[in-house]
Amino acid sequence: MDLGIAGRTAIVCASSRGLGKACAHSLAQAGVNVIINGRDEATLAATADDIAADTDVEITPVAADVSTAEGQRALLAAAPEPDILVNNNGGPPRKDYKELTRDAMVDGVVMNMVTPIELIQAVIDPMVERKFGRIVNITSASVKRPLTGLDLSSGARAGLTAFLSGVARQVAASNVTMNHILPGAFDTDRLRSGLEATASMLGKPLDEFSAERMAEIPTGRFGYPDEFGKACAFLCSVHAGYITGQNLLIDGGAFHGSF
Ligand SMILES: NC(=O)c1ccc[n+]([C@@H]2O[C@H](COP(=O)([O-])OP(=O)(O)OC[C@H]3O[C@@H](n4cnc5c(N)ncnc54)[C@H](OP(=O)(O)O)[C@@H]3O)[C@@H](O)[C@H]2O)c1
């Protein structure tokens, strides 16, 4: 399917590895020029090479912390008026909610709620004027299904979802859409480091523990980042103009519910 977005420009935040990288790669395969981002310059440069290997678009690496005003300025300097914005970031570390300090809570909310809103504020007006804009926010399945120790992450992302629910309706008539993708367990560095930490805490071999986790998922496996990236690219396509304000849960059926 031709996604109809070749020649467009996308800022994909936190995209040197994992789900963000998969989104940037799928958009590039659809002919979109991509601004990619991460804090580690060497990893970011390697990702630019990976994407360049099978695409023919402009890839602009911006090494910066997206949670900071300076990092956001650098991203927007690379593409002041993007057609597509994919919001992504790291998440706050796993912690018992009773141990969270005020500073830690503010940091978590800045990372997963304030930062994407600030970027949307910066890019939305030209999207509305041009009558084309696609915004996708990578949140988490934990918005729907709580995970102990990730309460701050879940809360900040749910806050973002609610905040943008009204905003999405304000810009929908201008062909600007705003959707969220909620990953379940996807095979990325983040998932693997979490599995390693929990397996070692439980004193189990990593393979055995990973197999147990996969068995809890109806598909019997973890998600491939490329599957996530392709879904993101579709939501950014010309064909997705009637999909807005939605939460797309991609979790292999792990969340048990009819809706
Ligand atoms: N994978 C899953 O199963 C899963 C499930 C639920 C939710 N999520 C959420 O989905 C998002 C992506 O997860 P992932 O699994 O793809 O993580 P990942 O494999 O750890 O990759 C994270 C990416 O974000 C970049 N990054 C992190 N903090 C950044 C910052 N402050 N500024 C700029 N770039 C930053 C990293 O590069 P640098 O470190 O070099 O900056 C890296 O490119 C996270 O918010 C995660 O909590 C993931």
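Applying 1/(1 + (r/R0)^6) with r as the Cβ-Cβ distance of A215 and D125 and R0 = 45 angstrom yields a FRET efficiency of 0.40.
Using every pair of separate Cα atoms, the Kirkwood estimate puts the hydrodynamic radius of the chain at 18.7 angstrom. Cα-based radius of gyration for region 100-191, normalised by 2.2 N^0.38 Å, reads 1.18.
For the chain, the relative contact order is 22 percent, taking Cα pairs closer than 8 Å that sit 6 or more residues apart in sequence and dividing their mean separation by the residue count. Highest mean first, the peptides 80-88, 237-245 sorted by other C-beta atoms within 10 Å per residue fall in the order 80-88, 237-245.
Sites count as exposed loop sites when they are GluC sites (Glu not before Pro), lie in a DSSP loop, and have at most 14 other Cβ atoms within 10 angstrom; the longest stretch of the chain without one is 59-215. Measuring from each cysteine beta-carbon in the chain, the ones with no other cysteine beta-carbon under 4.7 angstrom are C13, C236. Here's the picture: a label point sits 7 Å out from the Cα of R102 along the beta-carbon direction, and within region 154-191 the residues with their amide nitrogen under 20 Å of it are 156. Mean-square fluctuation check for the chain, GNM, Cα pairs under 10 Å: which of A30, A46, A79 is largest? Its mean-square fluctuation being the largest, the pick is A46. Relative to the longest principal axis of the Cα atoms of the chain, the long axis of helix 189-202 makes an angle of roughly 10 degrees.
Could you work out the Rg to Rh ratio of region 1-111, with Rh taken as the Kirkwood radius (inverse of the mean 1/r over all Cα pairs)?
Numbers: Rg = 15.3 Å, Rh = 14.7 Å.
Taking Rh as the inverse mean 1/r over Cα pairs, Rg/Rh reads 1.05.
Quick one: helix 69-78 against the long Cα principal axis of the chain, what's the angle to the nearest 10°, folded into 0 to 90? Once rounded, one gets 50 degrees.
Fraction of C-alpha pairs exceeding 24 angstrom in region 120-253: 39 percent, rounded to a whole number. To test your reading of the geometry: what angle, between 0 and 90 degrees and rounded to tens, separates the Cα axis of helix 115-130 from the longest principal axis of the chain? Roughly 30 degrees between the two axes. Evaluating 6.51 cos²θ - 1.76 cosθ + 1.60 at θ = phi - 60° for every residue in region 162-172, the Karplus couplings come out as 5, 4, 7, 4, x, 4, 4, 6, 5, 10, 4 Hz, glycine and proline recorded as x.
When K98, K21, K131 are sorted by how many other C-beta atoms sit within 10 angstrom of their C-beta, beginning with the fewest, the order is K98, K131, K21. Taking the Cβ of Y242 as the centre, find all other residues whose Cβ is under 14 Å away and add up their charges (Lys, Arg: +1; Asp, Glu: -1). Net charge around Y242: +2.
The numbers here are math on the coordinates, done by the rules we state, and not lab data. Everything numeric here is computed off the predicted structure, so don't read it as measured data. Every residue, glycine among them, receives a Cβ derived from its backbone with ideal geometry; neighbour counts consider all protein chains shown.
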